[in-house]
1. State whether one or more residues within segment 146-164 are closer than 25 Å to residue 532 by Cα and surrounded by fewer than 18 Cβ atoms within 10 Å (Cβ to Cβ).
2. Which of the residues that make up segment 271-304 are part of a helix (DSSP H, G or I) and of a type in the set (Asp, Glu)?
3. Evaluate the following for residue 545: is it assigned to a loop (DSSP other than H, G, I, E, B) and among the acidic types (Asp, Glu)?
4. Specify the residue that is farthest from residue 447 (Cα to Cα); the eligible residues are those in segment 467-481 that are at pLDDT below 85 and buried (at least 17 other Cβ atoms within 10 Å of the Cβ).
5. Output the number of the condition that residue 327 fails; it satisfies all remaining conditions of (1) on the phi < 0 side of the Ramachandran plot; (2) touching a Lys or Arg at 6+ places or on another chain (Cβ under 9 Å); (3) open to solvent by 30 Å² or more (accessible area, probe 1.4 Å).
6. With the requirement that a residue be open to solvent by 40 Å² or more (accessible area, probe 1.4 Å) and over 12 Å from the mean Cα position of the chain (by Cα), what does segment 271-292 give you?
7. Among (1) in contact with a helix residue (DSSP H, G or I) (Cβ under 6 Å, 6 or more places away or on another chain); (2) more than 27 Å from residue 552 (Cα to Cα); (3) modelled with pLDDT of 90 or more, there is one condition residue 293 misses while meeting the rest; what is its number?
Amino acid sequence: MATLYSTHLSTSSSHSYSYASFTSKPANLQRIASISVSNRFLAARVSLQSQTNSYQNVVGLQDGAMATKLSPVEGGSPIKNLKEGLLSVISPEESKEAASFDISGNESTVSITVVGASGDLAKKKIFPALFALYYEDCLPKHFTIYGYARSKMTDAELRNMVSKTLTCRIDKRENCDEKMDEFLKRCFYHAGQYDSQENFADLDKKLKEHEGGRVSNRLFYLSIPPNIFIDAVKCASLSASSGNGWTRVIVEKPFGHDSESSAALTKSLKQYLTEDQIFRIDHYLGKELVENLSVLRFSNLIFEPLWSRQYIRNVQFIFSEDFGTEGRGGYFDNYGIIRDIMQNHLLQILALFAMETPVSLDAEDIRNEKVKVLRSMRPLQLENVVIGQYKSHTKGGITYPAYTDDKTVPKDSLTPTFAAAALFIDNARWDGVPFLMKAGKALHTKGAEIRVQFRHVPGNLYNRNIGTDLDRATNELVIRVQPDEAIYLKINNKVPGLGMRLDSSHLNLHYAARYSKEIPDAYERLLLDAIEGERRLFIRSDELDAAWSLFTPVLKELEEKKIIPEYYPHGSRGPVGAHYLAARYKVRWGDL
């Protein structure tokens with residue numbers, strides 16, 4: 001089994017760089033690669049030890065990676081210089097320049113292979129995200145993009161397909177066509193089977209031609225069905241991995257169907273890759289407002305003291321789509337809304353929301369805290385779950401189809417298209433606070449938001465001015481993830497006039513009004529992080545195990561007992577049962 005060795009450096013700009021050798025044996029370690037961004041990043045470069053040396057300056061890290069000890073630098077101690085370096089902010093230009101060199105100053109290259117290049121995800125998200133990174137000058141100087149799929153296609157045909165989905169940033173339209181042409185010239189195609197080592201070996205030859213003898217770093221994006229993950233990983237690892245740089249693989253969800261299948265998938269992946277090489281992507285973690293969650297909490301004194309059971313009454317994670325499966329129900333029917341949205345997107349956001357303050361912004365420190373939260377949670381009980389399925393509905397003379405009207409869905413399907421759940425974290429900070437999740441398709445609106453409802457003011461002097469409905473006077477913090485990103489706080493204030501009448505108003509940070517720059521797509525951020533070796537927004541295997549352990553028991557119970565979902569009209573607010581579930585914990589959904 002191949003083993004990865006890397007030097008891992010983190011910066012306060014949330015990007016760390018891991019340039020590594022992909023070799024068959026530790027004894028064959030030729031290069032422990034690192035980067036030197038500028039004098040203010042590290043005053044001294046990491047020195048490369050030959051094989052005959054005793055590796056006395058090499059330190060083993062907790063995750064199995066290796067790093068070099070720092071020698072004293074003129075003008076201060078190693079620790080002081082390291083702190084000063086890590087707290088420095090590097091510019092995109094420096095970052096880009098650093099990514100183009102290995103430890104000895106030789107130029108390196110990044111080869112990005114999109115496995116499953118002819119699929120919808122590749123066309124609609126991955127290639128446009130890569131172009132956006134190129135457009136913003138975020139990719140290294142030397143890079144090549146290869147599409148790999150079973151379909152027969154020429155380079156020109158791939159470029160034509162990709163060009164139809166590319167768009168330019170609003171603030172840089174003047175050189176759009178020029179940039180697009182430059183980008184497409186870097187895109188190539190290789191047809192092959194996903195389980196053929198011979199086809200991947202041919203890909204390897206083509207990649208080497210473009211790499212031109214430089215240090216080669218390779219990123220494989222698996223945009224393929226999960227049943228062929230392992231075949232593709234095996235072939236890429238054995239036949240097309242880098243010989244003198246790093247090799248990384250991005251894996252798309254679903255990461256299994258339950259605890260057992262997820263563990264089996266992880267075990268199989270680790271036959272060919274180390275944990276550091278596996279980047280399990282959840283695109284919701286790359287969304288601007290989700291990434292801003294820790295900034296909002298940990299860098300604003302007014303919020304962190306309130307972030308506990310003492311002041312927070314409940315937290316709601318709400319996801320809704322205003323469309324159904326629309327001919328793509330075949331895939332969805334095998335998973336359902338709980339596996340598709342709750343077990344990954346919403347649970348990951350919950351973990352970020354509820355975690356304790358990490359030791360640092362390092363990826364492992366953050367992921368350690370997320371795992372602690374997940375392990376502190378009670379496994380979900382059937383009594384705390386409501387499931388639904390949308391039915392046909394006519395509105396304004398238009399008839400909207402039912403879920404089972406989708407020709408790719410079995411007529412007797414019981415797969416939920418809606419689910420609501422109440423979860424609890426059994427630790428000192430959150431004991432007794434209900435965390436409510438709600439996710440559904442074919443609802444009245446499209447959106448994703450986090451709602452934090454605070455407790456009522458004890459002994460409130462203005463209760464008689466508020467009326468009997470105290471919920472309407474509850475302070476509420478809302479983080480709208482999409483669309484129309486915003487953060488707003490609901491407060492009570494006096495209505496101007498001679499009387500004493502109270503009103504509920506919003507202190508609103510509306511991103512479109514506050515910031516002129518367009519918000520990057522989540523895939524742009526995550527692809528850039530994968531290239532730079534930043535793992536903070538990717539899911540570690542023990543996180544995945546903990547997440548599945550919460551949902552697997554109730555999923556099996558739903559399927560074994562063949563629980564019939566509550567039907568709700570297409571375009572409605574969902575099943576009535578969701579309101580009863582919330583009311584059981586004295587909660588009112590905030591999106592009503």
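1. No: segment 146-164 contains no residue that is closer than 25 Å to residue 532 by Cα and surrounded by fewer than 18 Cβ atoms within 10 Å (Cβ to Cβ).
2. 275, 276, 288, 291, 304
3. So residue 545 does not fit the description; no.
4. The residue in question is 473.
5. (1)
6. 271, 272, 275
7. Exception for residue 293: condition (3).
Each row is one residue, and each column tells you yes or no for (1) polar (S, T, N, Q); (2) at pLDDT 90 or above; (3) farther than 30 Å from residue 242 by Cα.
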{"site": "275", "(1), (2), (3)": "no, yes, no"}
{"site": "306", "(1), (2), (3)": "no, yes, yes"}
{"site": "331", "(1), (2), (3)": "no, no, yes"}
{"site": "337", "(1), (2), (3)": "no, yes, yes"}
{"site": "358", "(1), (2), (3)": "no, yes, yes"}
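The values are calculated or read from the model by the stated rules, or taken from the named source; none is laboratory data. None of the values given here were measured: they were computed from a predicted structure. For neighbour counting, all protein chains shown are included, and Cβ atoms are generated from backbone atoms with ideal geometry for every residue, glycine included. Accessible surface is based on the protein model in full, side chains and every heavy atom, while ligands, DNA and RNA are left aside. Shrake-Rupley method; radii C 1.70, N 1.55, O 1.52, S 1.80 Å.
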